[in-house]
1. Using alpha-carbon pairs under 8 Å, 6+ residues apart, how would you state the relative contact order of segment 326-408 in percent?
2. Using the heavy atoms of the protein chains and a 1.4 angstrom probe, tell me the accessible area per residue for segment 230-270 in square angstrom.
3. Given a cut-off of under 8 Å on Cα pairs at least six residues apart, what relative contact order in percent is computed for segment 223-340?
4. Express the accessible area of segment 419-531 per residue in Å², computed with a 1.4 Å probe while the remaining protein chains stay in the model.
5. Measuring from a point 7 Å past the Cα of residue 454 along Cα-to-C-beta, which residues in segment 420-435 have an amide N at less than 20 Å?
6. Quick one: which of 283-291, 267-275 comes out on top by average Cβ neighbours within 10 Å, and what's the full order, highest first?
7. On the accessible surface of the chain, probed at 1.4 Å, how many percent belong to carbon and sulfur atoms?
8. Among the trypsin sites (Lys or Arg not before Pro) in segment 349-438, which ones are in a DSSP loop with at most 15 other Cβ atoms within 10 Å of the Cβ? Mind listing them?
Amino acid sequence: MSVRTIPTEPIAGQKPGTSGLRQTTQVFMRPGYLENFVQSVFDVIGVAGKTLALGGDGRHFNAEAMRTILKMAAANGAARVVVGRDGILSTPAASAVIRDRRTDGGLILSASHNPGGPEGDFGVKYNIPAGGPAPESVTEAIFARTQAISEYHILDAPDPDLSALGETRLGEMAVEVIDPVETWAGLMRGLFDFDAIRGLFASGFTMRFDAMHAVTGPYATALMRELGASEGTVVNATPLPDFGGGHPDPNPVWAKPLVDLVMGEGAPDFAAASDGDGDRNMILGRGIYVSPSDSLAVLAANAHLAPGYAQGLKGIARSMPTSRAADRVAAKLGVPAFETPTGWKFFGNLLDAGMASICGEESAGTGSDHVREKDGLWAVLLWLNILAARRQSVAEIMAAHWAEFGRDYYTRHDFEGVDKAAAEALMDDLRARLADLPGQSFGGLTVSAADDFAYADPVDGSTASRQGVRIFFAEDARAVFRLSGTGTVGATLRVYLERFEPDPARHDLDPQTALADVIAAAHAIADIAGRLGRDAPDVTT
C-alpha cells in the first residue's frame, strides 16, 4: 500500500452551510469534488495520529464516499477511524459515538431531509470532539482552505470491508467497525423509563413509526422490539439509497400517508416519523398533528417525568424562527430561555456550558444535552415516556398545555426553488425598510418593531448577524423572513408566522385560519407575489 498525492485545483462554491457542505449527488460524484473538501477538512483540523468517527445515512454514493474518506484518512496519518457497520450511523448516533469514544471529531455523510438517489442530494459535515457541528470559525477556515488547495492524499489500497464488526487495518490506520445502534441505544436506556413505556404498550396502546426508508429504521425497529411494541409498529424500516423514491422530510406534506392514518378510522394512539439522517421528527396523535414548536414546549414542560430529566432543566433554547411557546414554559419553570440563529451548532456552547438542557427548532429538530445534535427518536421516546406517565392522549395533553400556557398558533410557508437573485433582492429591500416599518399597518395588523436578528453567544462572545428579518405586530404576532441554507437548487424563502392566543375557547382553530391576517400582512410587507411570482407557498407546515 502506498500513499498517492494527487494534484488538484480549488473548486468554487465549497462553502459549508448551516449543516456542512451540500450539493447534488452528481456534483459530489465529479472527480475531485469530495476529495478536495475532505482534504481541506483534514488540513484544517489535522488528523495525524488522531481518531475519527465516520458514518452516514446510507443514501446514494454513501458507500463510495465512505471508502474514499477512509483511504484519505489513512493517507493523512489518522490512527483510527470508528465507523458504523456498512457505513451507517444516524447523525445523533454519530454524535453519541464521538462523545462516548472521545474521538477527535468525525465526518457525517448526509444531506439530512433532502431527497437521495442519483438525482438527489449528498452532503458532508465535520463534527467537533464535543459531538456537535463545527462552529463558524472552523467552517470558515475549511472554506478558505478549499480556495487554496493544490493537492490531496489518498492510500492506494483495496476497499475496506465494512460489513463485519471488528477491527482491520488500512495501511497503518485501524478501521474499527461498530454496531451503529448500540452506543446510542445505551444512552436512551439511561434517559427514559423503559419499564413504564413497556407497560404502556402492554395496556393496548398502539403506535405507528414511519422511518421513511431512511436511517432510523434499524434504530426504531430495535427499540420498539425491546419496548414490547407490536409487529408492524415500524414501517418503511429498510434504509434505501433513494429512500424508496420518497422525500425523507417528516412533515405533513412528505409524510402525508401517516397524517391520513391518524386522521382516519382506526387511527393509532400515537404516530411519529423521522428524516433521512435521523435528526428530525414529526409527532402526531389520533386526530391531531403537533407542530415542532408545540412539541418542543410540551417536551420541556414534561421532561421531569423522564428519569434523565427528573432533576429539572437548566435552560431551554430555541432557534429564532421557532415559536415563542417554549419561552412561556421556561418562564413558568424559572429557567433561562435562549434564542439563537438557525443551525444546531449554535446550541453547542449552551449545552457544553450547562446553560441549557433541551433545545429545538421549528424545522422538526429537538434534542437535549445527551448528544450535540438534534435527535428524532429521542423526541419520540420522550413523548412515549410522557404518555406512559400521564396516561392521557396526545390531544388531551395538547389541550391541557394550551389551557395552561396559551396557544402560539404557528405555520411556516416555504417558497422553494425561487430565483436566487430575486429572493436576495427581496431580503435586501426588507432590511432597507426596517426603520420605516414600525407604526405602519398591513392587513389589519400594526407593526410594533422590526429588526434583522443578530446573536451574541453568551458563552464565548462570538457574534452572528443577518440571521433573518423579524417583524413584530402590536397584536402579539410575528413574521420572520429568512433564506434557507439547506437547499441545493435555486433559493428557498421561508416565512415563519405566529400569533399568541390566550383564550381557551379559541384554541381549536385551524392554524391557517387563525393566522390569516398575519399571512396577509407578511405577503403585503414583502410583496412576495410581485417579487417572486408566487401567490402561495410550495410547502406549508
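1. So the answer I get is 17 percent.
2. It amounts to 49 Å² per residue over segment 230-270.
3. Relative contact order comes out at 15 percent.
4. With the other protein chains kept in place, segment 419-531 gives 44 Å² per residue.
5. Correct set: 427-435.
6. 267-275, 283-291
7. For the chain, the apolar C and S fraction of the accessible surface comes to 49 percent.
8. 391
The values are calculated or read from the model by the stated rules, or taken from the named source; none is laboratory data. None of these values were measured; they are calculated from a predicted model. Every residue, glycine among them, receives a Cβ derived from its backbone with ideal geometry; neighbour counts consider all protein chains shown. What goes into the accessible areas is simple: the full protein's heavy atoms, side chains included, and nothing from ligands, DNA or RNA. Shrake-Rupley method; radii C 1.70, N 1.55, O 1.52, S 1.80 Å.
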